[in-house]
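Student: Right, I'll just put the structure down here and ask away after.
The values are calculated or read from the model by the stated rules, or taken from the named source; none is laboratory data. Every value quoted in this text rests on a predicted model; they were computed, and no experiment measured them. Counting neighbours? That spans all protein chains shown, and the Cβs are built from the backbone with ideal geometry, glycine included. Ligands, DNA and RNA are stripped out before the accessible areas are found, and what is left, the full protein with its side chains, is counted by its heavy atoms. Shrake-Rupley method; radii C 1.70, N 1.55, O 1.52, S 1.80 Å.
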Amino acid sequence: MGFSKGQLLERLQAQQIKFSQYEHPVVMTVEAQAKYVGHIKGGLSKNLFLKDKKHRLYIVSALADTTVDLKVLSQRLGLGKGGVRMAPEEAVVEILQVPLGCVTPFALVNESAKNVSLLLDQGFKTQECCFFHPLSNDTTISLHIQDLEKFLKSEGRMVAYVDLEANPCVGKDQPPDLAALVPSDNTSRIITDVMEKTASLKIDSKPVSATAKASKVSKKEIMANSFADPEKFIQEIVEKASAIVLSEMKDQNIKQHGDGEQLVSSHLKKNLSLELKNLATMFKNTAYTEGFVAGTRCPAKRL
């Protein structure tokens, strides 16, 4: 389970990192985010999650008005034919462990993202403060870029500032200037596992009867309605988990601990509820970005 927004903000506060927090509706683009924080002095960021042909991963975090040419960037990284492209959506959730629309340098705090290379626009250094999502795109925080760097380094993550609009010559006598920022090949295995897992979950496209179709729609609606109310959904999971654990407990353990049933059930609810609620909320946000609203499949709104 990745960090939640609340856990990230608590960690920033624990390290005495100063930031300002702005709540707003879920946004999927920099333009939509600007409607809520664009009037505040500072630099809005756009964050690209990229992969190369060897499945190595990169986050390129740039000022909103910085031009990022992926072809030029690929040459500067020394990647040759194929270069970098947008990483699959599955990798956003599985590797960065954030909902779609939430790519952010802060995602590197998650252990699953430890091999992701971060390239920060050097233009951030000229800004009074910079704006990023704190693992959730219903909130924006502003802070000095030096504080972001300090925080990520304290988490053991590397930070590199890059002139993303530069286009230096690359050739036999002029090696790629950003080759040192290419991450290790360990990420290749991780992203391959993600893709294989996703492929195994694809729905069979064989024809089904009208009755079967109605049954499937009913199940989808039930699931969507559950995700529309994360607290209710989590309550159901916790109750079932408690029942399963209690059924597996040995009679001798219950006798030894006295009120064993009540104690274990209480601990389960306390320890699981928060994490599972965060997970369900992440699923709900992801579903909404795809156009699912309260059990109904609707065209996704473009911001």
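Student: Just by accessible area at a 1.4 angstrom probe, what is the order of 85, 76, 56 from largest to smallest?
Tutor: 85, 56, 76
Student: Which residue, 135, 151, 119, has the largest displacement toward the positive end of the dipole of the range 99-170 when charges sit on each Cβ (Lys, Arg +1; Asp, Glu -1)?
Tutor: Result: 151.
Student: Here is a further query. Once a ≥ b ≥ c are taken as the square roots of the eigenvalues of the Cα gyration tensor of the range 62-169, is the result rounded (a/c under 1.5), prolate (a/b larger than b/c) or oblate (a/b not larger than b/c)?
Tutor: It comes out oblate by the Cα gyration axes.
Student: How much length, in nm to one decimal, is gained on full extension between residue 11 and residue 125, taken as 0.36 nm per residue of separation minus their Cα-Cα distance?
Tutor: 38.7 nm
Student: Quick one: with all protein chains in place, what share of the accessible area of the range 1-51 is carbon or sulfur, to the nearest percent (1.4 Å probe)?
Tutor: Heavy-atom surface of the range 1-51 belonging to carbon and sulfur, 1.4 Å probe: 50 percent.
Student: Shifting gears a bit: Per residue, what accessible area does the range 36-95 have, given a 1.4 Å probe and all protein chains present, in Å²?
Tutor: With all protein chains present, the range 36-95 gives 46 Å² per residue.
Student: Follow-up question, since we're still on this one. In nm, to one decimal, how far is the residue 31 label point from the residue 153 one, both placed 7 Å along Cα→Cβ?
Tutor: Distance between label points: 3.8 nm.
Student: Of all accessible surface on the range 61-120 at a 1.4 Å probe, what whole percent is carbon and sulfur?
Tutor: Carbon and sulfur: 48 percent of the exposed surface of the range 61-120.
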